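Participant: Structure incoming, see below.
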């Protein structure tokens, strides 16, 4: 009678591989996207409202789409080529929330430690923009600046980063998952 063990014919140990999960793909690519988002945030802070900031925002969206597509492809590669629409949606939202958390935390670090005057610079830039537009009176400008200041506290900034990344991630994932899904046949 043959004895079974956890060693292959060459004497190497083997264990059954853990399945590659939605969480695995989401965390991995969320971390990658978070690091890239930090680099883009630094560039954004340096451009601070210049015309380059729109280019950087567009680049951020494009890079997020690419990260979600890569996460979907890796998930499928590790799951016999299959990924349901729901799995794709979950991966995309998780990628977005993880990267949003990382970039939101970096934003707080940047504004409180690296450049504590950043919020003041933004308010001054906003004031100049509103004054140059000529459509706001002084009271309206003060009201806008006061509201902006309320939304620039660390807690509110992080909450906004999380919510916006989750919503944008969901919207992107709804579309991307519809394109990248490959549902396992019911009768295999």
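No lab work stands behind these numbers, since they all come straight from the coordinates. The structure presented is a predicted model; accordingly, all values stated were derived computationally and were not measured. For neighbour counting, all protein chains shown are included, and Cβ atoms are generated from backbone atoms with ideal geometry for every residue, glycine included.
Participant: Using only alpha-carbon positions, what ratio does the radius of gyration of the stretch 125-165 give when scaled by 2.2 N^0.38 Å?
Facilitator: Rounded to two decimals, the normalised Rg is 1.40.
Participant: Two decimals, Cα atoms only, Kirkwood Rh: what is Rg/Rh over the stretch 95-188?
Facilitator: 1.22
Participant: Ok, one more. Suppose the chain between residue 144 and residue 46 were pulled fully straight at 0.36 nm per residue; how much longer would it get relative to their current alpha carbon spacing?
Facilitator: 32.9 nm
Participant: Give me 106, 187 ranked fewest to most by other Cβ atoms within 10 Å of their Cβ, as a rough exposure proxy.
Facilitator: 187, 106
Participant: How large is log10 of I(q)/I(0) for the stretch 37-97 at q = 0.24 Å⁻¹ when the intensity is taken from the Debye formula with one equal scatterer per alpha-carbon?
Facilitator: These q points yield log10 I(q)/I(0) values of -0.90.
Participant: While we're on this one: For each of 121, 150, 76, count neighbouring Cβ atoms within 10 Å of the residue's Cβ, then give the residues from fewest to most.
Facilitator: Taking fewest neighbouring Cβ atoms as first place, the list is 150, 121, 76.
Participant: Can you sort 96, 37 by how many other beta carbons sit within 10 Å, fewest first?
Facilitator: Ranked by crowding around the Cβ, least crowded first: 37, 96.
Participant: List the relative contact order of the stretch 38-188 as a percent without decimals, with contacts defined as Cα pairs under 8 Å and 6+ residues apart.
Facilitator: 39 percent
Participant: How large is log10 I(q)/I(0) at q = 0.08, 0.09, 0.13 Å⁻¹ when the Debye formula is applied to the Cα atoms of the chain, each weighted equally and without solvent?
Facilitator: With no solvent term, the Cα-only Debye profile gives -0.39, -0.47, -0.79.
Participant: Follow-up question, since we're still on this one. Using a Förster distance of 35 Å, how high is the FRET efficiency between residue 170 and residue 126, based on the Cβ-Cβ distance and rounded to 0.05?
Facilitator: 0.75
Participant: So what is the calculated 222 nm ellipticity per residue for the chain, using -39500 (n - 2.57) for each DSSP H run with n of 4 or more, over all residues, to the nearest 500 deg cm²/dmol?
Facilitator: Value at 222 nm, helices only: -24500 deg cm²/dmol.
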